[in-house]
Structures are given as C-alpha cells and as structure tokens.
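First comes the structure, then the notes that go with it.
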Amino acid sequence: MRTSATERPGFVWVAPALLFFGLFGLAPVLIVGYLSFTSWRGLGDPEWVGLANWAALPGDGQVRGGLVITMTLTALCWVTQTPLALAFGVWSAGPQRVRAVVSAVFFLPLLLSTAAIALVWKALLDPNFGIPAQVSEWLGLSHSNVLGHSSLALYAIVFIVLWQFLPFHMLLYQAAARQVPRSLYEAAELDGASGVQRFLRITVPQLRHTIIASSVLMLVGSMTYFETVLLLTAGGPGNATRILPLHMYNQGFVAFEMGYASAIAVLLVILGTGLSLLVVRATGYSRMTSQREGM
C-alpha cells in the first residue's frame, strides 16, 4: 500500500538517530545538569548542594560581565556574517568558471582547525612583527597591539570568527540560491528589473528559510567560540573579552569548581535554546512546510 507524501516515517527509521542523539547529545546535558546541583572538584563523589551554585550566579560579576560580552559578540557576529555570507553565497552560485575557482579558494578556512586559525592570526596580529606593526606607521596609528587594546580586542575576534565561518554560511546560501527557479529572474528581467531589484525582491525573499537556519547556527555557535578567545586573548586585556564560556572553563579547569562550572554551562544551554526558539517563533519558521527553498 502506497503511503501519502506527507506521512511521517515510522519509529524504526528514526531510532538510530534518536539513539545517537540520546547518547551524545541528551545524556551529557543531563549529567551536567545534575552536576550543577553539586559541589565537585573533579575527584571523588559529587556532593549535593541543591541550588547553591545557581544562587551564586546572580552575584558573580564575572557571570554578568561575561554574559554582556557574549551577547555583544553574538550580535556582532550575526550583523557582520549574515549580509556578507548572503552576498558572497549568491554570487558564488553563478555559472562562471572564475566563481568556482574563487569559491574553492575562499572555502579553505573550513579545512583548518579553530586552534590553528587562532594561532595563525595571533602571529599575524603580533604587535612587534605582525601586520599592525607594519601598517601602524603608514596609517598614523598610535599603537599596534590590537589584541592588547581593550577597545579593539573584541572587534579583532569578531573579524577572525568572520574569516573562519563566513565560508560555511556562504556555502549554505550558495546551495539555496541554486534552487531558486530561473523563471522568476527571467520574468523580472523582462519587466525591466535591475540586478539590485532582482536580488532584493526575488533572491532575498526566496532564501528566507536559509537566512533563518543560518542565523540560528550563528547565534548558537557564537556562544561556543571558546578556543578562539582562549588562544588569542585568554579573556584579556583585563576582562574585555572574557566571554561566558571562558569563565566556565576557568571555573571548571582552573579553579576546579566543576559544580559551579556546570551551572554556567547549563545557563549557556538555556540561552542558546531560548535564542533559537525566539528566532523560530518570531520568523514563523516552524510553520513553513515547503520542502523547496522559497516555495
């Protein structure tokens, strides 16, 4: 008997995915959630302390400051990555041969690890021998220590994150742009629409699904840029780049307050989940049933 196109697959088909998610996704979150109600220094048995760790979060200035810096980093990453990824993704979806070559070169950062990228950029931004030291005199800058400047360090991290993850989101937009029916562009061209008008009135609305999905990945991913910040600035200068994940790391693996660090980790999970649900609800993404981009 043939099933309808809208009928969902049976449980047997999704059981492997559910098992994988349960073991490597849900189980660690539940364990960390339990540890957030305990006092544990990494050895021995965790000691149940109830809500003590959670009660200490509002009074921790590092948590409040780290939350502000984390939200600032999240907003800056979204504002910079989204328009550039959309523009470059649509451009790279064209049929010209040069675009394929440029795209292949542009995707190279995806092949590098986060640690390698952070170390390379730390060397490039070295105040004595790096790029700032070479151009500061030409540009009339008073200093060349970008990562050591409290007002510039966060923007340097935003730029490095943009350089690293822009190709990934560009690839999403490239794939989606190639699914937009060419007949829409041909009809608009016959009506005299310019290239900018076709982009704003056809391409952008047709890619709304991808824009939302990419935005969710950016917002959630920006809360996990731990290695980049640790290797570049270690939260400095001062606390200018001390994001919440870095504070969690310091509490867990420097101060060995695993229970308190687990509470911060659960807080990050709650924030990431809340942001994702907010985007999905606000944009109506959950009500989109089409299996084809833009339709």
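The calculated FRET efficiency for the pair Leu124 and Leu57, based on their C-beta separation and a Förster distance of 41 Å, comes to about 0.65.
Annotation: extensible slack from Trp78 through Leu19 equals 18.0 nm (criterion: 0.36 nm per residue apart, minus Cα-Cα distance). At 1.4 Å probe size, with the rest of the protein present, what percent of the exposed accessible area of the chain is carbon and sulfur atoms? Carbon plus sulfur share of accessible area: 68 percent. P(r) for segment 58-185, from all Cα pairs and a bin width of 5 Å, is 2, 9, 14, 16, 16, 15, 12, 8, 5, 3, 1, 0 %, short bins first. Computed over Cα pairs, the Kirkwood radius of segment 169-264 leads via Stokes-Einstein (1.002 mPa s, 20 °C) to a diffusion coefficient of 127 µm² per second.
Given axes a ≥ b ≥ c from the Cα gyration tensor, I'd like to know whether segment 35-85 is rounded (a/c under 1.5), prolate (a/b larger than b/c) or oblate.
Details: a/c = 4.41, a/b = 2.49, b/c = 1.77.
Cα axes put segment 35-85 in the prolate bin.
Ordered by solvent-accessible area of protein heavy atoms (1.4 Å probe), largest first, the residues Phe24, Phe106 come out as Phe24, Phe106.
Per residue, segment 47-293 exposes an accessible area of 53 Å² to a 1.4 Å probe, with every protein chain left in place. Taking only the Cα atoms of the chain, the ratio Rg/Rh comes out at 1.03, with Rh defined as the Kirkwood radius.
Model label points for His143 and Val68, set 7 angstrom from Cα along the Cα-to-Cβ axis, are 1.9 nm apart. Extension gain for the segment Tyr185 to Ala234, taken as residue separation times 0.36 nm less the Cα-Cα distance, is 12.7 nm to one decimal. In sequence order, what are the phi-derived ³J(HN,Hα) couplings for segment 32-41 according to the Karplus relation 6.51 cos²θ - 1.76 cosθ + 1.60 with θ = phi - 60°, rounded to whole Hz, with x for glycine and proline? Those phi angles translate into 5, x, 5, 5, 5, 9, 10, 10, 8, 9 Hz. Got a number for the accessible area of Asp126? Probe 1.4 Å, square angstrom, nearest 10. Its heavy atoms expose roughly 50 Å² to the probe. Karplus-based coupling profile of segment 205-218, in residue order and whole Hz: x, 5, 9, 4, 4, 5, 4, 5, 4, 5, 5, 4, 4, 5, with θ = phi - 60° in 6.51 cos²θ - 1.76 cosθ + 1.60 and x standing for Gly or Pro.
Close amide H pairs (under 5 Å, H built 1.01 Å from N) link Ser39 with Glu47, Trp48, Val49, residues at least 5 positions away or on another chain.
Sorted from greatest to least, the principal axis extents spanned by the alpha carbons of segment 135-204 come out as 55, 25, 17 Å. Per-residue surface analysis assigns Leu26 an accessible area of about 80 Å², computed on protein heavy atoms at 1.4 Å probe radius.
Starting from the residue with the highest accessible area, list Met223, Met248 in decreasing order, probe 1.4 Å.
Numbers: Met223 10, Met248 55 Å².
The ordering from most to least exposed comes out as Met248, Met223.
Computed 3J(HN,Hα) for segment 42-51, one whole-Hz value per residue from the Karplus formula 6.51 cos²θ - 1.76 cosθ + 1.60 where θ = phi - 60°, is x, 10, x, 9, x, 9, 5, 10, x, 8, glycine and proline marked x.
The values are calculated or read from the model by the stated rules, or taken from the named source; none is laboratory data. All values reported here derive from a predicted model rather than from experimental measurement. Quick reminder, even Gly has a Cβ in these numbers, built from the backbone with ideal geometry, and neighbours come from all protein chains shown. Calculation scope for accessible area: heavy atoms of the full protein, side chains included, ligands and nucleic acids excluded. Shrake-Rupley method; radii C 1.70, N 1.55, O 1.52, S 1.80 Å.
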